[in-house]
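One structure is given below, encoded as structure tokens.
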Amino acid sequence: MADLIAEIATLESQAYEAIRQAHDMEALARISQEYTGKKGALTAILKKLGTLSPEERSVVGKAANAFKEKLTTWLNSREKELEELRLSQLAETEFLDLSVTPPEFAAVASGLSSGHIHPIVQTQRRLEQIFTSMGFSIADGPQIEDDYHNFGALNFTDDHPARDMQDTFYTKNGYLLRTHTSSVQIRVLESTKPPLRIVAPGRVFRYEEVDASHEHTFYQMEGMVVDRKVSVANLLHLMQTLLSEVFGRTVTTRLRPGYFPFVEPGFELDMQCLVCNGSGCPVCKHSGWVEVLPCGLIHPNVLAAVGLDPREWQGAAFGLGLNRLVMMQHGIEDIRHFMAGKLDFLEQFPVIA
Ligand code: PHE
């Protein structure tokens, strides 16, 4: 019996050492087999229990069971240890340091700068802030429009020259690229009950002879207020607030009558050219003034077209030319810069946080 007890003690220290040295799950499984498998060392001892006296059997049995328990505990804790080790090694080797410049880019890395928002969008966002603070919502509409939303519902007669191939890009299947954001007025009025106030910024397209002040693709911000009582005074106050907020100072403006089929009365609000301070330059076509804010009261025919009773509802609208406004803001002399995709131009207008 003493032999068996001694043997168990030896097995224990051997097992402990083997488990401590095991470096993977396979090794642990093998050790487990070596002791408790069919032909395992501990199994062999248990088989011998039958040859002992009941007292001896009880003593050796207890020792054998204690060993078995220890074996299980050691195996489990080593298994856990190995798993943790594996994970921490994985974290070491799989860690991706995104701040490291790959060698193949090292040469250009010094010249790289982070991107920023386009100057037109910067001003657009500033305007959105100003208008939302005055209770306006931001509206959107499709750039590919149908004749009805771009022209028909806006009181353009069938023979209006703006529909001409000279001014409008048409698609082969009868649509067009919107020539102004006024199409969004109709889209909003079709889906929303007044009273309402919206601004609708976006891209518009015209078949233009491109020069320093004309582009085929440019940006507008439409504004519209529809309520039971809306006056020219309301409209002008809105325009003045807008310009003084954008420029941070009073700008010299003038109001002229302007014709647009969808407003009555209609106006052209010009501002004195800030590029040349009114003395004349290519931006203002040497007139000293820049048209930035065509506007007016919504024509009764437009209200009627969307099912509103013109005796009950009134509206004001404006169509801010974003490119020209931004040109004034920064003293940009050529509208073509905006779409040219030239970094040396764009980098002059970083976002100032
Ligand atoms: N949509 C007109 C244009 O692009 C501008 C405009 C908008 C005029 C709203 C009056 C009212 O020329």
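From the alpha carbon centroid of segment 86-102 to that of segment 106-176 is 45 Å. Dipole check for segment 1-110: with +1 at the C-beta of Lys and Arg, -1 at the C-beta of Asp and Glu, and the Cα centre as origin, the magnitude is about 800 Debye.
For segment 132-205, the pair-distance distribution built from all alpha carbon pairs, in bins 5 Å wide starting at 0, is 3, 16, 25, 23, 15, 9, 6, 2, 0 percent. Taking the 1.4 Å solvent-accessible surface of segment 2-93 as the whole, the part contributed by carbon and sulfur is 55%. Each part gets one Cα centre, and for segment 202-245 versus segment 249-319 those centres are 7 Å apart. Note on K48 and T171: the extension gain reaches 34.7 nm, defined as 0.36 nm multiplied by sequence separation minus the Cα-Cα distance. One decimal place: the segment T73-Y16 gains 19.5 nm when fully extended, by the rule 0.36 nm per residue minus the C-alpha distance. Surface exposure of segment 119-346, expressed per residue as accessible area with a 1.4 Å probe, stands at 47 Å².
Per-residue 3J(HN,Hα) values for segment 33-50, derived from phi via the Karplus relation 6.51 cos²θ - 1.76 cosθ + 1.60 with θ = phi - 60°, read 4, 4, 9, 10, x, 3, 9, x, 5, 6, 4, 4, 5, 4, 5, 7, 4, x Hz in sequence order (x marks Gly and Pro). Take the Cβ atoms of V100 and V351, set R0 to 25 Å, and the FRET efficiency comes out at 0.40.
What residue among G40, G135, G296 has the largest mean-square fluctuation in a Gaussian network model of the chain, using Cα springs under 10 Å? Checking each option, the largest mean-square fluctuation is seen for G40. Computed on segment 2-93, the Cα convex hull volume stands at 70 Å³ per residue.
Using only Cα atoms, tell me the angle between helix 232-247 and the longest principal axis of the chain; keep it within 0 to 90° and round to the nearest 10. On a 0 to 90 degree scale, this one is about 50. Between E312 and R256, the contour length at 0.36 nm per residue exceeds the Cα-Cα span by 17.4 nm.
Solvent-accessible area per residue in segment 2-93 equals 68 Å², computed with a 1.4 angstrom probe and all protein chains kept.
State whether the chain is rounded, prolate or oblate according to the following rule on the C-alpha gyration tensor (a ≥ b ≥ c being the square roots of its eigenvalues): a/c under 1.5 gives rounded; otherwise a/b larger than b/c gives prolate, and the remaining case gives oblate. Verdict is prolate for the chain.
Between helix 2-21 and the chain there is an angle of about 20 degrees, using the helix long axis and the longest principal axis of the Cα atoms. Separation of the alpha carbons by more than 27 angstrom is noted, of K47/K80; K39/K62; K47/K70; K48/K70; K172/K285; K193/K229, for K47/K80; K172/K285. Couplings for segment 190-202, taken from phi via the Karplus curve 6.51 cos²θ - 1.76 cosθ + 1.60 with θ = phi - 60°, read 5, 10, 10, 7, x, x, 8, 9, 9, 10, 10, x, x Hz in order; Gly and Pro are left as x. Spin-label model, A162/A2: points 7 Å from Cα along the beta carbon direction are separated by 11.5 nm. Site pair H330 and K80 shows an inter-label distance of 6.2 nm when each label is modelled 7 Å from Cα along Cα→Cβ. Which parts of segment 1-31 would a label at E55 reach, counting a residue when its backbone N lies under 20 Å from a point 7 Å out along Cα-to-Cβ? Under cut-off, by backbone N: 1-6.
Among the protein heavy atoms of segment 173-265, carbon and sulfur supply 50% of the accessible surface, probe 1.4 Å, non-protein parts ignored.
The values are calculated or read from the model by the stated rules, or taken from the named source; none is laboratory data. As the structure is a computational prediction, the values presented were derived from the model and not from experiment. Counting neighbours? That spans all protein chains shown, and the Cβs are built from the backbone with ideal geometry, glycine included. Each accessible area value is taken on the protein alone, full model and side chains, heavy atoms only, with ligands, DNA and RNA left out. Shrake-Rupley method; radii C 1.70, N 1.55, O 1.52, S 1.80 Å.
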